Amino acid sequence: MKIIAFYLPQYHEIEENNRWWGKGFTEWTNVKKASPIFKNHHQPRVPLNENYYDLTNIETLQWQANLVRQYGLFGLCFYHYWFNGKLLLEKPAELLLQHTEINMNFCFSWANEPWTRTWSGKGNEVLMPQSYGEVEDWIRHFYYLLPFFKDARYIKINNSPLFLIYKSRSIPVAKEMMMKWNQLAKENGFAGIHFVETIRDKYLDKRDLPFRSRVEFEPGRSFNNSFLSLNFKRIRRFFIKSINLLFNKQLPYYSIVPYRRLVKRSLTKLSPIGTFGGVFVGWDNTPRRGIEGLIVSEATKEEFKNYLKAKIQVTKNHYRTDFVFVNAWNEWCEGAYLEPDTKNKFIYLESIKEVLDELN
């Protein structure tokens, strides 16, 4: 079984983030500003040895690659941000491409959403719009990616580069674009692109698109987003917000979701055959959203280990695939990270290695 972790590249300064959020902004900015909103709330999260790294330093990528190999992960899936020719947060992947001595498998997930001020409660304010252009734009995008696809470390299945699309339903020209990319890939020596649809909720893209696989994106896929649940959350949010205003409180809008409850949903809610399994290591996005954030109770080592072991069995026996994706390697502002911190040290990475050792 091959374990791949999603990877956020927002740990270095870029001009746009400096302009939108203030000089020096990186993901660490919100991590450091976080504060507990109830007793024993694990905030702020502090990386082990206060390693607030910069992803433009090659030493950081080498350190991460060493951890990936040491604990048995197959590779990392970098989020790729392309806005019809405009790139954001591309430097870490480009740095990895330049340094072929770094022994780390990788692939891309195209995070094809527009950037907004959602984190500050102004989700309707668009910072970077997303559009998909015409054929010449798709060609330009493909040829930007081609050097990565050709890299020996880029993950391929049967000579087809693995490429995830986060939100295919947002792409009106998805079929035409994907078919063009398959054509271009074949012209450049591949057997096409191994396109992967991301299952973020209960809805799948119903169009006849050339996806070869799907991947479960947890915990979003397993949150209860039924009509009754969403209405209950809206009522609770309104009630708590009123109390906060009336009594000058800072009560969280949502109750803590038990980790074991989401794990149970994740394991019993089966995806179609051919899907890559998905697990999550944790969830707490209060560093971004404050009292409006969602919190899942923190997993023990045994809980995460048992979850991963069970999901591997589901993936192998039901989905009949050999990839499991972990959310995430370094989503520190969402409480979803495998990297070591001062409280839990290496326990989640150790869990992966122990599970893989048992399977082998």
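What to note about this one:
- Here the alpha carbons of region 49-137 define both size measures, Rg and Dmax, at 16.1, 48 Å.
- At full extension, K23 and K180 could sit 52.5 nm farther apart than now, given 0.36 nm per residue minus the alpha carbon distance.
- Full-stretch length increase - L48, N360 - with 0.36 nm per residue and alpha-carbon distance subtracted: 109.4 nm
- Extension gain, Q98-V126: 0.36 nm per intervening residue step, less the Cα-Cα distance, totals 6.8 nm.
- For region 62-162, the number of Lys pairs separated by eight or more positions or lying on different chains, with C-alpha atoms closer than 23 Å, is 4.
- Sorted by Cβ density within 10 Å, fewest first, the residues W283, W20, W138: W20, W138, W283
- With a cut-off of 11 Å between beta carbons, the residues surrounding N344 carry a summed charge of 0, where Lys and Arg count +1 and Asp and Glu -1.
- Environment charge of I58, counting only residues whose C-beta is closer than 13 Å and scoring Lys/Arg +1, Asp/Glu -1: -3
- Each 10 Å bin from zero holds the following percent of Cα-Cα pairs in the chain: 5, 23, 34, 27, 9, 1, 0.
- Helix-only mean residue ellipticity at 222 nm for the chain, each DSSP H run of n ≥ 4 adding -39500 (n - 2.57), per residue, nearest 500: -11000 deg cm²/dmol
- For the chain, built as a Gaussian network whose Cα springs stay under 10 Å, the top-fluctuating residue of G22, G220, G282: G22
- For a straight C-alpha distance cut-off of 18 angstrom, the aspartates and glutamates reachable from K202 (same-chain residues fewer than eight places away being disregarded) are E216, E218.
- Net +/- balance of residues flanking K264 in space, Cβ distance below 15 Å, scoring K and R +1, D and E -1: +4
- Across the alpha-carbon set of region 1-160, the Rg to Rh ratio works out to 0.98, Rh being the Kirkwood radius.
Values in this text are rule-based calculations from the coordinates and carry no lab data. Small disclaimer: the values here were computed from a predicted structure and weren't measured. Please note: Cβ atoms are built from the backbone with ideal geometry, for glycine as well, and neighbour counts cover all protein chains shown.
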